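> I am attaching a structure below and will ask some questions about it afterwards.
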Amino acid sequence: MADTIAAISTASGAGAIGILRLSGPEALPIAYRHLSFFEGAFPLSSIKPRNAYTCRFVDGEKKLDQVVFIYFAGPNSFTGEDLCEIHTHGNPILLREALECLFRSGARPAKQGEFTKRAFLNGKIDLNEAEAIGRIIGARSRFELELAQKNAFGEISRLASNLRSQLISLKAECEAEIDFSTEDLTFESLEERKKRIRSISDICSSLLKRSSETETLLERSRVVLYGEPNTGKSSLMNLILGRDRSIISEIPGTTRDYISEDFLLSGVPIRLIDTAGVRETGDTIEKMGIERSEKEFSQADVRLFVIDVSQKNDWDKFAEENRSKLEGAIVAANKSDIRDSSWDPQYILKKNYSGTVLVEVSCKSKQGLDTLVSEISFKLQGLESSEDYVLLEERNRFHFSSITRSLENCLTLMEEGAPAEIYIKEIDSALEQIGEVNGRVDTEEILGRIFSKFCVGK
């Protein structure tokens with residue numbers, strides 16, 4: 001990498017500050033040509049790494065801005081190369097003009113993710129940490145940010161290194177048995193070896209399962225409001241969202257198809273869905289809406305069953321008839337401020353339906369709304385913490401799946417009585433895949449695909 005790259009590293013649009021970044025062998029000389037120090041004559045050799053200098057950014061005789069300049073000498077920099085940062089005022093026009101000066105002085109425009117790519121190629125970070133940086137920048141929720149931070153600090157890399165050590169130990173034992181089979185030596189039993197292989201395979205399978213659960217949550221959990229017409233589903237949706245999204249009317253059957261809205265609930269991506277009221281009807285279109293309501297409710301991650309407790313009802317009978325829908329659901333007992341004398345929460349609670357939670361709410365007074373939101377968050381696995389979840393990029397899901405397949409093939413061969421010379425090839429395959437996890441990649445195509453997702457200044 002003999003060339004020097006430059007880019008704007010702050011987000012587009014106006015801001016208090018903007019940062020220009022250069023990396024490469026000529027980063028310091030190129031930047032120095034456009035710096036005018038207040039001390040007067042200030043030779044290039046006087047600039048010390050990691051010191052902040054207040055100076056002017058100039059284009060020949062023209063003064064563009066007063067800036068802060070910092071030089072990071074390689075290999076002690078983010079990219080592992082000489083790296084310079086120029087902090088200007090955050091006007092996009094000013095930043096573009098200063099960047100053009102750097103280009104004219106010998107830098108070339110950085111490609112997407114090229115700074116991070118150079119950090120990887122220079123051994124400053126591994127591939128998991130590089131991908132995590134991209135996730136940190138693009139995280140859509142606090143939950144995703146926490147997961148990306150764990151990867152950036154090496155969680156997946158450490159796990160992969162540990163598995164690699166176990167596989168190397170396993171391979172060494174197999175090779176020793178092959179090479180010294182005629183010697184009077186004691187090796188681990190076949191059952192012990194199978195146990196070790198199965199343990200590594202189980203770790204990979206568990207990781208993939210947890211990753212799949214995480215991806216489901218990141219792709220927005222579905223919270224579905226369900227119930228009879230005029231129970232207040234649309235009003236409740238508007239209250240949870242904090243704005244009018246669903247049409248509210250006293251006329252039954254106003255919502256004939258489901259309405260959905262994406263938003264963050266306690267930092268977790270949610271898709272909130274308001275469905276058509278469920279009732280007996282002869283209206284063909286309304287029937288289609290009710291069928292969709294039933295389907296959405298059955299597929300929901302969190303089911304919110306809304307009932308109207310201002311109406312006289314045989315609630316004990318209601319609980320029995322709707323057992324399958326009440327089990328595991330949050331029951332929002334709406335209009336509790338004008339409840340009918342026939343209503344008693346115990347009609348539902350005493351049934352002890354598995355996972356059923358009941359919250360009395362009033363869309364008019366907003367009573368119970370905070371409790372309801374808390375119960376929804378709790379149903380979504382209490383995502384204030386990301387401890388039990390793991391984030392794998394598509395690349396790593398492929399590698400861990402391949403490792404699992406290789407080890408399962410290895411176990412099958414062992415069960416069939418294959419000699420170590422045969423099944424060790426599957427261990428070799430697993431070792432090759434685990435090496436790819438931390439970034440032992442050989443093709444420019446793979447690297448290009450990963451870093452092309454980054455912004456230009458990263």
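The values are calculated or read from the model by the stated rules, or taken from the named source; none is laboratory data. Keep in mind that what you see is a predicted model, and the values were worked out from it rather than measured. Methodologically, a virtual Cβ is constructed for each residue, glycine included, from the backbone with ideal geometry; neighbour enumeration extends over all protein chains shown. Areas reflect the complete protein model, heavy atoms only, side chains present, ligands, DNA and RNA absent. Shrake-Rupley method; radii C 1.70, N 1.55, O 1.52, S 1.80 Å.
> What figure in square angstrom, to the nearest 10, would you give for the accessible area of F318 with a 1.4 Å probe?
Looks like 20 Å² after rounding.
> So, one more: Can you give me the solvent accessible area of L64 with a 1.4 Å probe, rounded to the nearest 10 Å²?
30 Å²
> Could I ask something else about it? Which whole-percent values make up P(r) of region 325-364 when all C-alpha to C-alpha distances are grouped in 5 Å steps starting at zero?
6, 23, 30, 22, 14, 4
> OK, next. Rank V68, V223 by accessible area, highest first, at a 1.4 Å probe radius?
Largest to smallest exposure gives the sequence V68, V223.
> Taking H placed 1.01 Å from N in the peptide plane, check which residues at least 5 places from R33 or on another chain put their amide H under 5 Å from its amide H.
The list, which skips near neighbours in sequence, is empty: none.
> Sorted by accessible area with a 1.4 angstrom probe, largest first, how do R303, R140 fall?
Values: R303 50, R140 110 Å².
Ranked list, largest accessible area first: R140, R303.
> For an R0 of 30 angstrom, estimate the FRET efficiency from the Cβ-Cβ distance between N51 and S161 and round to the nearest 0.05.
Calculated transfer efficiency: 0.25.
> At a probe size of 1.4 Å, how large is the accessible area of R271, to the nearest 10 Å²?
R271 exposes around 80 Å² with every protein chain in place.
> State the extension gain, in nm to one decimal, for the chain segment bounded by D316 and T216, taking 0.36 nm per residue of separation less the distance between their alpha-carbons. Can you show the working numbers first?
Numbers: separation 100, 0.36 × 100 = 36.00 nm, distance 3.60 nm.
Result for the pair: 32.4 nm of gain on full extension.
> Let me check something: with ligands and nucleic acids excluded, how do D308, D301 order by accessible area (1.4 Å probe), largest to smallest?
D301, D308
> Go through 367-378, 331-342 and give me the packing order, highest mean Cβ count within 10 Å leading. Can you show the working numbers first?
Details: 367-378: 16.7, 331-342: 19.0.
Descending packing order for the listed peptides: 331-342, 367-378.
> Lysines within cross-link reach of K325: Cα-Cα under 23 Å, excluding same-chain residues under 8 positions apart?
Within reach: K233, K287, K295, K312, K317, K335, K350, K351, K379.
> 5 Å is the cut-off here: which amide hydrogens, built 1.01 Å from N in the peptide plane, fall below it relative to G15, excluding neighbours closer than 5 in sequence?
Amide H to amide H, under 5 Å and 5 or more residues apart or across chains, G15 pairs with G90, N91.
> What does the C-alpha gyration tensor say about the overall shape of region 103-193? Classify as rounded when a/c is under 1.5, otherwise prolate if a/b is larger than b/c, or oblate. Please list the in-between numbers first.
Details: a/c = 6.48, a/b = 2.23, b/c = 2.91.
In terms of gyration-tensor shape, oblate.
> Using alpha-carbon pairs under 8 Å, 6+ residues apart, how would you state the relative contact order of region 322-423 in percent? Mind showing how you got there, number by number?
Numbers: 69 pairs, mean separation 22.3, N = 102.
Taking the mean separation of contacting Cα pairs over the length of region 322-423, I get 22 percent.
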